[in-house]
Amino acid sequence: MGGVARRATALQVARVSAEHTLVLDAGHALLDSSRRPGYLPGQVAAEALDRMGYDAVALGSEDLTTLGPEGVARVQDAAQFALLSANAYSANSNRLAAAPYALFEMGEQRIAVLGLTDARDVPGWEITDPLRTARHYVRRLRQEADIIIVLSHAGQNADRQIALQVRGIDIIVVGGNHLLAEPIRLGRDKTLLVHADRYSEGVAGQFVGQAELHFGGAGQLTDYAWERIRLDLRVAEDPVMNRWLLWLEPSEGAP
């Protein structure tokens, strides 16, 4: 529980120190293990993300496996954050699992956030090639936004190919368990790749990544600073989040 309460504190501190903030996750954020009676898969995690003020969350393949079509639809309908995947479809249909992208306005900049899911065989779903999908959507988004961010659970190798082959992406937030220890810039556009944390079963995150980004008037990334904040005892637990987390734990003898 401490990881979530400390994450809430870290996000509050970031909001105080920044003029504009976007809080994003690149996938497998809906895998919760709460035993609270009456809560359905993904419901606790989605509510926690809402309480922390997340803006957009990509779907990973394990999210699709755990929630299924009904669960994904339920989270999408209830969540205040944008649930994203541009390449995950309900099996035997052309219906996307979630919105492909979300648009935000910050100051005078228009920001597009695109979601990509890792291409695995998942019963009930069809997941198409992330590189081809990115190429298709980024071409469109370059007409709609000044800044393009990709939330990708496609895997680090795929993300590197997307950065090298797809023009117009400013930042790729990398998901998955192959940790990118330090940010890198790739391709003609010098796309920035950042990776905050790996998924660990039963652990609500050990790090949160914080990027300070500076853009020119045309939307090009001119400078950045990156920090992986360890959610350890040095970060205080948010008391409001802690009370909610304690409430989620069933009392002794509860059914």
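Rounded to whole numbers, the Karplus 3J(HN,Hα) couplings from phi for region 86-95 are 8, 9, 10, 10, 4, 4, 6, 8, 10, 9 Hz, using 6.51 cos²θ - 1.76 cosθ + 1.60 with θ = phi - 60°, and x at Gly and Pro.
I'd like the antiparallel share, as a percent to the nearest 5, of DSSP beta bridges with both residues in region 98-238. Before the final figure, lay out the partial values.
Details: 19 of 32 bridges.
Of all bridge pairs located within region 98-238, approximately 60 percent are antiparallel.
Estimated purely from DSSP H runs of n ≥ 4, each contributing -39500 (n - 2.57), the mean residue ellipticity at 222 nm for the chain is -9000 deg cm²/dmol once divided by its residues.
Once both labels are positioned 7 Å from their Cα atoms along Cα-to-Cβ, the gap between residue 212 and residue 21 label points is 1.5 nm. Taking amide H as placed 1.01 Å from N in the peptide plane, the amide H of residue 215 sits under 5 Å from that of 222, each at least 5 places away or on another chain.
The alpha carbon gyration tensor of the chain gives principal lengths a ≥ b ≥ c with a/c of 1.5 or higher and a/b no greater than b/c, which makes the shape oblate.
Each Lys and Arg adds +1 at its Cβ and each Asp and Glu adds -1 at its Cβ; summed about the Cα centre, the chain shows a dipole of about 500 debye.
FRET efficiency for the residue 73 to residue 246 pair, using the beta carbon distance and R₀ = 30 Å, is estimated at 0.50.
Determine the percent antiparallel among the DSSP beta bridges restricted to the chain, to the nearest 5. Please list the in-between numbers first.
Values: 23 of 42 bridges.
Of all bridge pairs located within the chain, approximately 55 percent are antiparallel.
Taking other residues whose beta carbon is less than 9 angstrom from the beta carbon of residue 44, and scoring Lys, Arg as +1 and Asp, Glu as -1, yields -1. Here the spin labels are modelled as points 7 Å beyond Cα on the Cα-Cβ line, and at residue 167 and residue 92 they lie 4.2 nm apart. Its relative contact order, with pairs defined as Cα atoms under 8 Å and 6+ residues apart, puts the chain at 19 percent.
Please work out whether region 69-148 counts as rounded, prolate or oblate from its C-alpha gyration tensor, where a ≥ b ≥ c are the square roots of the eigenvalues and a/c under 1.5 means rounded, while otherwise a/b larger than b/c means prolate and anything else oblate?
Working: a/c = 3.00, a/b = 1.47, b/c = 2.05.
Here region 69-148 falls in the oblate category.
Percent of C-alpha pairs per 5 Å bin in region 66-211, short distances first: 2, 9, 18, 21, 22, 17, 9, 2, 0.
Across region 145-160, computed HN-Hα scalar couplings (Karplus, 6.51 cos²θ - 1.76 cosθ + 1.60, θ = phi - 60°) run 9, 7, 10, 10, 10, 10, 9, 10, 10, 6, x, 4, 5, 5, 5, 5 Hz from first to last residue, x flagging Gly and Pro. The figure for residue 106 is an accessible area of roughly 40 square angstrom, using a 1.4 Å probe on the protein chains alone. The H on the amide N of residue 29, modeled in the peptide plane, is under 5 Å from the matching H of 60, each at least 5 residues off or on a different chain.
Pairs of Cα atoms nearer than 8 Å and 6+ residues apart set the relative contact order; for region 116-214 it is 20 percent. Across region 67-78, coupling constants 3J(HN,Hα) worked out from phi with the 6.51/-1.76/1.60 Karplus curve, θ = phi - 60°, read 8, x, x, 5, x, 5, 4, 5, 5, 4, 5, 8 Hz, and Gly and Pro carry x.
Using a ≥ b ≥ c from the Cα gyration tensor of region 7-90 (square roots of the eigenvalues), is it rounded, prolate or oblate, where a/c under 1.5 gives rounded and otherwise the larger of a/b and b/c decides, a/b for prolate? Numbers along the way, then the final one.
On the way: a/c = 2.40, a/b = 1.50, b/c = 1.60.
Judged from the Cα gyration tensor, region 7-90 comes out oblate (a/c at least 1.5, b/c at or above a/b).
Annotation: amide H of residue 125 within the under-5 Å range of 91, sequence separation 5 or more or interchain, hydrogens built in the peptide plane. Using C-alpha pairs below 8 Å separated by at least 6 residues, the relative contact order for region 1-119 is 22 percent.
The values are calculated or read from the model by the stated rules, or taken from the named source; none is laboratory data. Just so you know, these numbers come straight off a predicted model, no measurement behind them. With ideal geometry, Cβ positions are generated from the backbone for all residues, glycine too; neighbour counts draw on all protein chains shown. Surface areas here come from the heavy atoms of the whole protein model, side chains and all, with no ligands, DNA or RNA. Shrake-Rupley method; radii C 1.70, N 1.55, O 1.52, S 1.80 Å.
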